[in-house]
1. Could you identify the single residue in A22, A10, A68 that is hydrophobic (A, V, I, L, M, F, W, C) and more than 18 Å from A219 (Cβ to Cβ)?
2. Pairs only if they're at least six apart or on different chains, beta carbon under 8 angstrom, first in region 89-115 and part of a loop (DSSP other than H, G, I, E, B) and among the aliphatic types (A, V, I, L, M), second at pLDDT below 95 and exposed (fewer than 14 other Cβ atoms within 10 Å of the Cβ); list them, first residue then second.
3. Consider G125 carefully, then state whether it is exposed (fewer than 15 other Cβ atoms within 10 Å of the Cβ) and part of a helix (DSSP H, G or I).
4. Among the candidates R245, R199, R190, which residue alone is closer than 27 Å to A120 by Cα and among the basic types (K, R)?
5. Quick one: is R76 closer than 23 Å to R131 by Cα, out of contact with any Pro (no Cβ under 6 Å at 6 or more places or on another chain) and among the charged types (D, E, K, R)?
6. So, in region 12-31, of the ones that are over 11 Å from the mean Cα position of the chain (by Cα) and closer than 17 Å to E45 by Cα, which residue ends up surrounded by the fewest Cβ atoms within 10 Å (Cβ to Cβ)?
7. Would you say A123 is of a type outside the set (S, T, N, Q), within 22 Å of A22 (Cβ to Cβ) and in contact (Cβ under 8 Å) with a residue 12 or more places away in the chain?
8. Any residue in region 178-191 that is in contact (Cβ under 8 Å) with a residue 24 or more places away in the chain and among the acidic types (D, E) sitting within a Cβ distance under 8 Å of a residue that is surrounded by fewer than 19 Cβ atoms within 10 Å (Cβ to Cβ) and in a loop (DSSP other than H, G, I, E, B)? List the pairs, counting only those 6 or more apart or interchain.
Amino acid sequence: MDLRLEGKRAAVAAATAGLGLATARALVEEGAQVVICGRDPARLEEAVASLGPNASGVAADVGDEAGATGFVEQARDRLGGLDILVTNAGGPPAATASASSVADYRHAIELNLVSTVAMALAAVGPMRAQRWGRIVAITSIGVRQPISFLATSVTARAGATGFLKVLANEVAPDGVTVNSIQPGSHLTDRLRTLHDDQRDALLADIPANTFGDPADFGAAAAFLCSDQARFITGTSLLVDGGASRGLL
């Protein structure tokens, strides 16, 4: 399917590896011009090189308001405008709810909630003015089905999901869609750093009996950025191999 993304201008946050990089690659393959960001200049350079001539990079840490806003502004300046924003950030350390301190929760909220709000607010005004835009946030299956050892992540990303839903309803009349994708367990560097007992437990809980392929995730994200997805907004798409057991 031609997603009609040729020449669209996209910013993909925290995209030097994992699901962010897979999403950036899917957009590039559909003909979009893409700016990605990362904290490590060497990893950023390597990721941009792997994406090809339609990609460029900005050294930025989106884990706080200033870095998140600055990335969107730099991407828009470089591309001459912005049609697509994919918000993303690294996950906070694994810990249970009672083992996490207030400071741990505060850090996670800055990383996974405030950064999403800041990036979206920096992008959405010009998108509304041009009457076309796509905002897609990479969150987590934990929003739908809480993960006991990722308590701070679940808390922060649940808040981000609420913000995105409210924003989606506000900007829908202006041709801007706002959605999130809730990934389950994919073969990324973050999953590989989990202890073997956690990885085994995660795999046992996936009806598809396999971890996700980041490329498949990227394709799903690219579809939500497409012209064909113009009637999909305010939704949260599970990409989890059936791991979430709820009806909603």
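The values are calculated or read from the model by the stated rules, or taken from the named source; none is laboratory data. This one's a predicted model, so the numbers in the text were calculated from it and none came from an experiment. Note: ideal-geometry Cβ built from the backbone for every residue, glycine included; neighbour counts use all protein chains shown.
1. Details: A22 fails: more than 18 Å from A219 (Cβ to Cβ); A10 fails: more than 18 Å from A219 (Cβ to Cβ).
Exactly one residue qualifies, and that residue is A68.
2. A97/S148
3. Details: exposed (fewer than 15 other Cβ atoms within 10 Å of the Cβ): yes; part of a helix (DSSP H, G or I): yes.
So G125 fits the description; yes.
4. R190
5. Yes: the conditions hold for R76.
6. Initially, region 12-31 is screened for residues over 11 Å from the mean Cα position of the chain (by Cα), giving 16-17, 25-31.
Next, only the ones that are closer than 17 Å to E45 by Cα stay: 16-17, 25, 28.
Details: T16: 22, A17: 18, R25: 24, V28: 23.
Selected residue: A17.
7. Values: of a type outside the set (S, T, N, Q): yes; within 22 Å of A22 (Cβ to Cβ): yes; in contact (Cβ under 8 Å) with a residue 12 or more places away in the chain: yes.
Yes.
8. Every condition considered, the pairs that remain are D189/A17.
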